[in-house]
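The values are calculated or read from the model by the stated rules, or taken from the named source; none is laboratory data. Everything numeric in this text was worked out from a predicted model, so none of it was measured. Cβ sites come from the backbone with ideal geometry, for glycine too, and all protein chains shown count toward neighbours. Accessible surface is based on the protein model in full, side chains and every heavy atom, while ligands, DNA and RNA are left aside. Shrake-Rupley method; radii C 1.70, N 1.55, O 1.52, S 1.80 Å.
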Amino acid sequence: MTLLGIDVGGSGIKGALVNSETGEMISERFRIPTPIPRTPEAMTDVIAEIVAHFDYKGKVGCGFPTIIKNGVCKATGNLDKSWLGVNVEKLLEKKTGLDFTVINDADAAGYATMNFGTGKGEKGFVVMITIGTGLGSGAFLDGRLIPNFELGQIPYKKYSKIEKWAAGSAKDREKLSYKKWGKRFNTFLEYVELIVSPDLIILGGGASKDFDEFKSKIKIDTKVIPAKLQNHAGIIGAAVATQYKSLDHK
């Protein structure tokens with residue numbers, strides 16, 4: 001079955017057609033920069049443009065970069081504050097006329113990775129970290145999703161949340177080398193290890209493809225590996241979410 005998956009990020013909104021049975025992208029990825037400010041009106045316009053690009057009329061899955069409960073935005077993360085309390089599913093359905101399933105973006109990426117990528121067959125407690133504008137996290141216990149597990153929101157020193165200091169956007173903003181940024185990211189992983197004691201950590205998002213550049217700075221005891229699907233996992237997981245809204249059907 002062919003489904004459209006859309007991955008909403010802080011810097012870009014990406015979409016592609018996905019084979020929901022194999023987890024393969026069957027079209028080229030189409031990307032539009034995320035508008036600034038990241039308001040509901042501006043972002044829904046971009047998402048509608050992506051739908052129109054594929055001339056698509058079916059169900060749409062959308063990974064969204066904050067806490068989503070029953071389609072409703074429960075925190076704003078790196079988005080405009082006006083998103084708080086918005087039913088994202090209904091807003092997008094009104095804009096496009098299509099049936100939308102909206103879930104947390106890291107949950108979507110983690111689901112794709114656990115079912116079609118590096119995490120397939122992994123048991124125990126697995127945490128997926130997506131590295132981008134923020135630090136998203138998806139948690140899985142024996143393959144079942146624990147939704148909205150937002151570890152990037154942990155306060156750190158003068159920062160209201162550690163992702164402001166250790167996300168990929170901080171590396172770009174401060175022009176840090178991968179080695180310098182890797183030390184920061186390792187500090188974040190130390191907190192993850194201390195707080196939730198995972199059996200495995202899988203890294204996704206834009207920086208995961210460059211894992212070799214900073215893996216020497218990862219000093220925690222927990223095994224850390226990059227995701228094979230890398231930056232496509234969010235699109236794939238979002239598409240499949242249209243069939244399994246809770247993503248816990250295992």
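Of the solvent-accessible surface of segment 131-225, computed with a 1.4 Å probe and all protein chains present, 50% belongs to carbon and sulfur. Rounded to the nearest 5, the antiparallel percentage of DSSP beta bridges internal to the chain is 60%. Under a model in which nothing but the beta-carbon of Lys, Arg (+1) and Asp, Glu (-1) is charged, segment 56-182 shows a dipole of about 380 debye around its Cα centre.
Excluding same-chain neighbours fewer than eight residues apart, the aspartates and glutamates reachable from Lys164 by a Cα-Cα span under 14 Å are Glu150, Asp172, Glu174. In the structure shown, the pairs Lys69/Lys217; Lys69/Lys215; Lys69/Lys95; Lys74/Lys123 are assessed against 27 Å; a Cα-Cα span above that value is assigned to Lys69/Lys217; Lys69/Lys215; Lys74/Lys123. Note on the chain: with a GNM built from Cα contacts shorter than 10 Å, the maximum mean-square fluctuation among Gly61, Gly206, Gly134 falls on Gly206. Value of Rg to Rh for the chain, rounded to two decimals, is 0.95; Kirkwood radius and Rg both from alpha-carbon coordinates. Under 13 Å of direct C-alpha separation, and excluding same-chain neighbours fewer than eight residues apart, Lys81 reaches these aspartates and glutamates: Glu41.
Only beta bridges with both residues in segment 59-157 are counted; by DSSP, about 70 percent of them are antiparallel.
Of the accessible area of segment 33-111, computed with a 1.4 Å probe over protein heavy atoms only, carbon and sulfur atoms account for 51 percent. Accessible surface area normalised per residue over the chain is 45 Å², counting heavy atoms of protein chains with a 1.4 Å rolling probe. Gaussian network model of the chain, Cα springs within a sub-10 Å range: biggest mean-square fluctuation belongs to which of Ala16, Ala227, Ala170? Greatest mean-square fluctuation among the candidates belongs to Ala170.
Which one of Lys175, Lys217, Lys158 has the biggest mean-square fluctuation once the chain is modelled by GNM with Cα springs under 10 Å? Largest GNM mean-square fluctuation: Lys158. Farthest toward the positive end of the dipole of the chain, out of Ser177, Ile129, Ala112, is the Cα of Ser177, where the dipole comes from beta carbon charges about the Cα centre.
Helical content of the chain, expressed as a calculated mean residue ellipticity at 222 nm, amounts to -9000 deg cm²/dmol (DSSP H runs of 4 or more residues, -39,500 (n - 2.57) each, divided by residue number, nearest 500).
About its Cα centre, the dipole of the chain is roughly 760 debye, where the only charges are +1 on Lys and Arg Cβ and -1 on Asp and Glu Cβ.
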